[in-house]
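Enquirer: Please read through the structure below; I'll follow up with questions.
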Amino acid sequence: MNVLNSILDFATTDFGPIIIAGVLGMLLILATLPFMLSQRKDPLDKLKQSARAEKNLANSGPSLRRSRSNEKLEKFSGFLEPQTEEEYSDIRLKLMQAGYRTKDAVRFFHFAQFALGMLGLALGVAYYLLALADSPDITTQKTLIYILGPGGAGYFLPRYWITKRQQERQEEIISGFPDALDMMLVCVEAGQSLDQSIIRVAQEIRSSFPSLADEFEIVSYEIKAGKDKSSVLSDMAERCGVNDVSSFVTVLIQSATFGTSIAEALRVYAGEMRDKRVMRAEEKANKLPTQMTLATMMLTVPPLLIILVAPSVVGISKMGEMNF
């Protein structure tokens, strides 16, 4: 009975009918999802999908396997994918740089945003009706914050996760790239080709830098599939999103174009990467005293003030008691 009274009181507020109408609309959308999933596919869509699959198979080569798309998500491609090609390319590149390379990655990302946003909105409404509806101090602004806040947090949570994962993966690639170049230089100078050295380096750094090893393995698989080496290396630089890898790819392409020695180019660039790593370590070491200043002040100044001021405070309080 209290819940029913809370719902009636909420419906009489300023934004109550609007929020209730929005929640009912979302519930209707969720109710129609099973019917949309069970609908029969259009024969024309089947023909388009089969033609697209044959085209992808012809472009990828026989030995390079591609992941199949989810048929259930395929029905909602117009709802779970950006409508503009530029926006789709941006989010696709961001997911690839975060390590999510499946065909349905964009759809899963937008589905996670929608599902978590709806879940947060439902939790916000439930929390308001059960805990805050009877409170006399609740205002319209607080109502919107408690209801829409969890929904907004749930909607932006997947984007925050992807951004964080992208940064961690790029930092891992930057950390392992100088060592990978040194190993590649040793393999090339030992008489192996560039393709064989890439495969060997991917095997050696798997335990320490799995993200960089995955990129080298993708390069080796695409070269085996018959793809042009320049485009393969350019795709690797785009997937990594790291300036060091982009410069390395440029060096290899220029070396192959002008016919210079790959070993000499690797030796020069590997030395530059080692120097750059030392410079990054020195930069972090120089920033450390500045970053520790605030923590040192917070941990040392209050105890020092207590030690210096406490005896005076005790003496003043005792003198006040003696006067009384």
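The values are calculated or read from the model by the stated rules, or taken from the named source; none is laboratory data. The structure presented is a predicted model; accordingly, all values stated were derived computationally and were not measured. In case anyone asks, the SASA skips ligands and DNA or RNA and just uses the protein heavy atoms, side chains included. Shrake-Rupley method; radii C 1.70, N 1.55, O 1.52, S 1.80 Å.
Enquirer: Taking a 1.4 Å probe, which of Asp90, Asp235, Asp244 shows the most accessible area, and what order do the others take after it?
Expert: Asp90, Asp235, Asp244
Enquirer: In whole angstrom, how far apart do the alpha carbon centroids of the range 296-319 and the range 134-210 sit?
Expert: Cα centroid of the range 296-319 versus Cα centroid of the range 134-210: 47 Å apart.
Enquirer: Can you classify the range 221-288 as rounded, prolate or oblate using the Cα gyration tensor, where a ≥ b ≥ c are the square roots of its eigenvalues, rounded means a/c under 1.5, and otherwise it's prolate if a/b beats b/c and oblate if not?
Expert: oblate
Enquirer: Fully extended, how many nm does the chain gain between Asn243 and Ser231 (0.36 nm per residue separation, minus their Cα-Cα distance)?
Expert: Full extension from Asn243 to Ser231 adds 2.6 nm.
Enquirer: Could I ask something else about it? Do the alpha carbons of any pairs in Lys94/Lys284; Lys94/Lys276; Lys103/Lys224 sit beyond 24 Å of each other, and which pairs?
Expert: Lys94/Lys284; Lys94/Lys276, as the Cα separations exceed 24 Å there.
Enquirer: Give me the percent of the accessible area of the range 102-181 that comes from carbon and sulfur atoms, probe 1.4 Å, all protein chains in place.
Expert: With neighbouring chains kept in place, the figure for the range 102-181 is 66 percent.
Enquirer: Suppose all protein chains stay in the model; what accessible area per residue would a 1.4 Å probe give for the range 153-243, in Å²?
Expert: For the range 153-243, the per-residue accessible area is 49 Å².
Enquirer: Here's another thing I want to ask about it. Give the value in nm², to one decimal: projected area of the alpha carbon convex hull of the range 247-324, averaged over all directions.
Expert: 7.4
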